[in-house]
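A short worksheet on the structure shown next.
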Amino acid sequence: MAFEGLADRLQNTMAKIRGKGKVSEADVKEMMREVRLALLEADVNFKVVKDFIKRVSERAVGQEVMKSLTPGQQVIKVVKEELTELMGGEQSKIAVSNRPPTVIMMVGLQGAGKTTTTGKLANLLRKKHNRKPLLVAADIYRPAAIKQLETLGKQLDMPVFSLGDQVSPVEIATKALEHAKAEHHDYVLIDTAGRLHIDDHLMEELEQVKAIAKPDEIFLVVDAMTGQDAVNVAKSFNELLGLTGVVLTKLDGDTRGGAALSIRSVTEMPIKFVGLGEKLDAIEAFHPERMASRILGMGDVLTLIEKAQTNVDAEKAKELEQKMRTASFTFDDFLEQLGQVRNMGPLEDLIGMLPGANKMKGLKNLQVDEKQISHVEAIIKSMTAAEKINPEMMNASRKKRIAKGSGTSVQEVNRLLKQFEDMKKMMKQMTTMSKGKKKGMKFPFM
Ligand SMILES: Nc1nc2c(ncn2[C@@H]2O[C@H](COP(=O)(O)OP(=O)(O)OP(=O)(O)O)[C@@H](O)[C@H]2O)c(=O)[nH]1
Ligand SMILES: [Mg+2]
């Protein structure tokens, strides 16, 4: 996971100052030295680091901190605010044209993730915003580029506009727009060709496509793993083409995060989305504040809730809630719920969004638990219908049978039974707690 080193270091530094009842200038200086090192090590642009430290230092020894009752926490608040500001302050939304279709042009270097991101964005627009996007294959150079987009289109069950590779991208864009209007598509996503380096020919062609397609957004797709290079690429593309935003991909890899923290201040371009994996739902809108919160170990509960809302079937959630109320929640429901949680993405990522998760050593090894989950699934599937509804009937010989059937052990079966009991108890408490409160979605796993 990206930012791990940075998050660790910053969180350790913050822990030292958090509880302090008094913060001296020397304390702040000491802390800033560590923050500076942490940022530089994360490959954040040198000048960006310098400015950042200057701003935080000024504020940290200023009135707002020294006069506060909890100066330690106040300093952390300052760091968080400045970190948020660094990444762009308020989150920026995706444009909506008042004369549809809204046109989004994807540009970037070879292998940055343009084609994948085109598919991900279209998926997001449909899933979350109820839009009807058209994908446009305008990369006529790389062999199989068109095929790649068409395959994505098939996976998503979404139309792809293509005229083969013998027609110029400008003409493809022109025809695609006509087609989109005729078919009432409200978004058009144009996937363009990548180059190894920025070159005149590529830029000329992109300018021509831009002139004809009049895009509402030009997203530069950059690979977070390329660190400072990503920042330079963003700078050049912006100067030559005029971007409206950046999509930072491969943030799931072990990038140190420097690009995410430098791009905005160096280029003034907002990061609008981040790519977090190869799958077509591995994309998130970029919220600087939430990202700062994650980096500082304060969690990102909002994203977690949104993930739940997009990926958990609302009908089923309601049904579950009802079952919880009436305490008729069974192992079958439990299985289904596991499935829904898994839809939200790798557990490891979800846990990373919980406040303080970084500090809990046990949680860090959660990858292992994916295996445990399959065990849980196997155990439940080995139960009879009666056992699933009535776990009380479970005796030693039944447990033995289930352990054997699921390829696990009696201990594991026991553990699951215990967890299930605990969970039911917790649900009862939650439903009593939420009584009288305003109605909202409740999920036992949160
Ligand atoms: N881990 C990870 N891989 C990604 C992400 N985005 C894209 N990829 C992978 O990166 C590789 C290149 O992605 P493409 O979408 O083909 O990149 P492109 O910019 O269209 O490449 P060209 O068309 O050759 O210029 C593929 O293997 C993708 O699966 C991401 O967010 N995370
Ligand atoms: Mg491509």
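Just one residue in the set THR118, THR102 is within 10 Å of ligand 2 (Cβ to nearest atom) and touching a residue at least 12 places away in the same chain (Cβ under 8 Å); that residue is THR118.
Please indicate, with yes or no, whether at least one residue in the stretch 217-226 is touching a Phe, Trp or Tyr at 6+ places or on another chain (Cβ under 6 Å), at pLDDT 95 or above, within 13 Å of ligand 1 (Cβ to nearest atom) and not β-branched (Val, Ile, Thr). Looking for residues that are touching a Phe, Trp or Tyr at 6+ places or on another chain (Cβ under 6 Å), at pLDDT 95 or above, within 13 Å of ligand 1 (Cβ to nearest atom) and not β-branched (Val, Ile, Thr), one finds at least one in the stretch 217-226, hence yes. Looking across the stretch 259-282, the residues that are in contact with a Leu (Cβ under 8 Å, 6 or more places away or on another chain) and of a type in the set (Gly, Ala, Ser) come down to ALA259, ALA260, SER265, GLY275, ALA282. Determine, yes or no, whether VAL247 is of a type in the set (A, V, I, L, M), over 21 Å from the mean Cα position of the chain (by Cα) and within 16 Å of ligand 2 (Cβ to nearest atom). No, not satisfied. Selection within the stretch 196-239: residues that are assigned to a loop (DSSP other than H, G, I, E, B) and surrounded by fewer than 14 Cβ atoms within 10 Å (Cβ to Cβ). The member of this set that is farthest from the chain's Cα centre (by Cα) is ASP199. Only one entry of ARG131, ARG126 meets the criterion of being touching a residue at least 40 places away in the same chain (Cβ under 8 Å) and farther than 25 Å from VAL167 by Cβ, and that entry is ARG131.
Answer yes or no as to whether LYS250 is open to solvent by 50 Å² or more (accessible area, probe 1.4 Å), in contact with a strand residue (DSSP E or B) (Cβ under 8 Å, 6 or more places away or on another chain) and closer than 25 Å to PHE52 by Cβ. So LYS250 passes the test. When you check LEU124 against the structure, is it assigned to a helix (DSSP H, G or I), more than 16 Å from ligand 2 (Cβ to nearest atom), of a type in the set (A, V, I, L, M) and open to solvent by 10 Å² or more (accessible area, probe 1.4 Å), yes or no? When the stated conditions are applied, LEU124 passes them. Among residues of the stretch 264-282 that are farther than 20 Å from THR84 by Cβ and near ligand 1 (Cβ under 8 Å from one of its atoms), those with a beta-carbon under 9 Å from a residue that is open to solvent by 20 Å² or more (accessible area, probe 1.4 Å) and basic (Lys, Arg) at least six positions away or on a different chain give the pairs GLY275/LYS250; GLY277/LYS250. Pairs under 6 Å by beta carbon, first residue of a type in the set (Gly, Ala, Ser) in the stretch 234-255, partner open to solvent by 30 Å² or more (accessible area, probe 1.4 Å) and in a loop (DSSP other than H, G, I, E, B), six or more apart or different chains? Correct list of pairs: SER236/ILE198. Can you find a residue that is part of a loop (DSSP other than H, G, I, E, B), farther than 24 Å from ARG294 by Cβ and of a type outside the set (Lys, Arg) anywhere in the stretch 44-63? Yes, the stretch 44-63 has at least one match.
Tell me, please, whether a residue that is modelled with pLDDT of 90 or more, buried (at least 19 other Cβ atoms within 10 Å of the Cβ) and more than 12 Å from the chain's Cα centre (by Cα) can be found in the stretch 270-278.
yes
The criterion of being part of a helix (DSSP H, G or I) and surrounded by 21 or more Cβ atoms within 10 Å (Cβ to Cβ) does not hold for LEU109. Checking the stated criteria, VAL103 turns out to be within 30 Å of LEU124 (Cα to Cα) and buried (at least 18 other Cβ atoms within 10 Å of the Cβ). Scanning the stretch 9-53 for residues that are loosely packed, with under 13 Cβ neighbours inside 10 Å and of a type in the set (Phe, Trp, Tyr) turns up just one, PHE46.
Residues in the stretch 74-100 that are more than 18 Å from ARG33 (Cα to Cα) and open to solvent by 60 Å² or more (accessible area, probe 1.4 Å): GLU81, GLU85, GLU90, GLN91, LYS93, VAL96, ASN98, ARG99, PRO100. Once the stretch 163-195 is narrowed to residues that are free of Cβ contacts under 8 Å to residues at least 60 places away in the same chain, among the charged types (D, E, K, R) and not in a loop (DSSP other than H, G, I, E, B), the residue that is farthest from SER97 (Cα to Cα) is GLU171. For the stretch 173-195, a residue qualifies if it is more than 15 Å from ligand 1 (Cβ to nearest atom) and crowded, with 21+ Cβ neighbours inside 10 Å, and the qualifying residues are ALA173, ALA176, LEU177, ALA180, HIS185, TYR187, VAL188. Looking across the stretch 74-116, the residues that are hydroxyl-bearing (Ser, Thr, Tyr) and within 26 Å of MET225 (Cβ to Cβ) come down to THR84, SER92, THR115, THR116.
Residues that are within 12 Å of ligand 1 (Cβ to nearest atom) and part of a helix (DSSP H, G or I) were ranked within the stretch 135-160; the one that is most open to solvent (accessible area, probe 1.4 Å) is LYS147.
The values are calculated or read from the model by the stated rules, or taken from the named source; none is laboratory data. These figures come from a predicted structure and were not determined experimentally. A quick note on method: Cβ atoms are made from the backbone with ideal geometry, for glycine too, and the neighbour counts reach across all protein chains shown. Side chains are part of the model used for accessible areas, which takes the heavy atoms of the whole protein and leaves out ligands, DNA and RNA. Shrake-Rupley method; radii C 1.70, N 1.55, O 1.52, S 1.80 Å.
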